Amino acid sequence: MTQAFTRAEETRLAHRVTIIGAVLDTLLGIAKILVGLAVGSAALVADGIHSFSDLLTDVFVVVATHFGRQEPDHNHPYGHGRIETLGTLLLGSVLLFVAGGIAWASLSRLLAGTPVPPAGPWAIGLAVVALLGKEWIFRYTLKAARRIRSRLLEANAWHSRSDALSTVAVLVGLIGSELGAGWLDAVAAVVVGLLVGKIGVELLWEAGRELVDTALPEADQRRMRELAMAVPGVRDVHQLRTRTVAEQVLLDLHLVVAPRLTVSEAHEIGNQVCRELYAAFPRLEDITFHVDPEDDSHDARPDADDGLPLRADVEDALEQAWGRLDCWQSRVALDLHYLDNRIDVSLYIDESLAPHDLDHQAKRLRHAGETLPWLGQLRVWRGPGRA
């Protein structure tokens, strides 16, 4: 079972993991650049720059997780998760810039045929140590990212993995230079640049998809709809919309229920749908449901001028049409149901005053209400009603 964390605990864990990675990146970056300059290896220097780019991303992660995991407030009711998204966007942009510089410098050196001396055992040994260190920090960071469900921290973990892969390319180049194939060093540096660029593009793509409110995969949406439909009382589900904010998922959906349910019963059906969805999708942070008495998925927005009248206007119109009828004067409750672009009326009459022939009274009401274009079904009942 996945351990639950508070926002403060998630932030502390993210900071601890990232700071450990930053210390390792600093040490490896300094060592790679110094040894690379000493032995004349462009690939090792490029890999050192890559390590310092990791250090820069570590700073981004610390800042973004600190502000991005703060609690919602008045100005940010959906939380601050998009700060992490913006950090990821900036991180991807920086990586593309670094990748272009590394690849261009290394390609120029390769085309110019600049001689590369043998790297020596110190450079090769450093590359092996760096490879092991980056692979360890990748696994450590990825485990923490999945525990707190942080996309930004997971992206930083995969960035560490890209550094490990680039170190593999550097190691090949160093061994090649040791064996007399010095051109492999420049090729390895170009490969490093391409790997860094690939990660940058992926981060930009994922952050961009979130910023334009890309929905969850179709399979997840289908599962959400199935869970909602399985709740007793739900007749249909439509206008199901999802989007993500950092690692959190926001969901809107419309639930069709029986048209004459009470407001409280329909609302409780919606609450049960929320319980089922929250249990099945841990990343769900907020659900907004709308209860419909009928399927209105094909209707236009409710901003037309010819909308149906509300209760106050309905009662005024009925008073004008039925004011002289005994059954209207003896009413104790009035229920209105807005269905099929009409208003169904249920009239409840005081039992002690109610006429015995309710069918006859209903016919008189219907006849008197013929001038009301919005009047739908009409029912007359003895008793206090539900209101």
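The values are calculated or read from the model by the stated rules, or taken from the named source; none is laboratory data. No experiment lies behind these values; they were computed from the predicted model shown. Glycine also receives a Cβ, built like all others from the backbone with ideal geometry; neighbour counts cover every protein chain displayed.
In summary, helices (runs of 4 or more DSSP H) completely within segment 150-249 and bearing 3 or more residues that are of a type in the set (Lys, Arg), modelled with pLDDT of 80 or more and farther than 26 Å from Val35 by Cα occur at 218-229. Of all residues in segment 10-27, those satisfying the criterion of being touching a residue at least 60 places away in the same chain (Cβ under 8 Å), surrounded by fewer than 21 Cβ atoms within 10 Å (Cβ to Cβ) and closer than 17 Å to Gly81 by Cβ are Glu10, Leu13.
Listed here are the residues, each with its yes/no results for (1) surrounded by 15 or more Cβ atoms within 10 Å (Cβ to Cβ); (2) modelled with pLDDT under 85; (3) not small (Gly, Ala, Ser).
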| residue | (1), (2), (3) |
| --- | --- |
| Ala280 | no, no, no |
| Asp305 | no, yes, yes |
| Arg311 | no, no, yes |
| Gly323 | no, no, no |
| Trp328 | yes, no, yes |
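Give the residues of segment 312-371 that are part of a loop (DSSP other than H, G, I, E, B) and more than 30 Å from Asp296 (Cβ to Cβ), sorted by residue number.
Step one: filter segment 312-371 for residues part of a loop (DSSP other than H, G, I, E, B), giving 323-325, 330, 340-341, 350-357, 369-371.
Of everything in segment 312-371, those that are part of a loop (DSSP other than H, G, I, E, B) and more than 30 Å from Asp296 (Cβ to Cβ) turn out to be Gly323, Arg324, Leu325, Ser330, Asp350, Glu351, Ser352, Leu353, Ala354, Pro355, His356, Asp357.
Scanning segment 242-272 for residues that are hydrophobic (A, V, I, L, M, F, W, C) and under 30 Å from Arg146 (Cα atoms) turns up Val245, Ala246, Val249, Leu250, Leu251, Leu253.
Scanning segment 55-94 for residues being among the charged types (D, E, K, R) and modelled with pLDDT under 75 gives a total of 4.
The set of residues from segment 124-144 being without any contact (Cβ under 8 Å) to a residue 60 or more places away in the chain and surrounded by 16 or more Cβ atoms within 10 Å (Cβ to Cβ) comprises Ile124, Leu131, Glu135, Phe138, Leu142.
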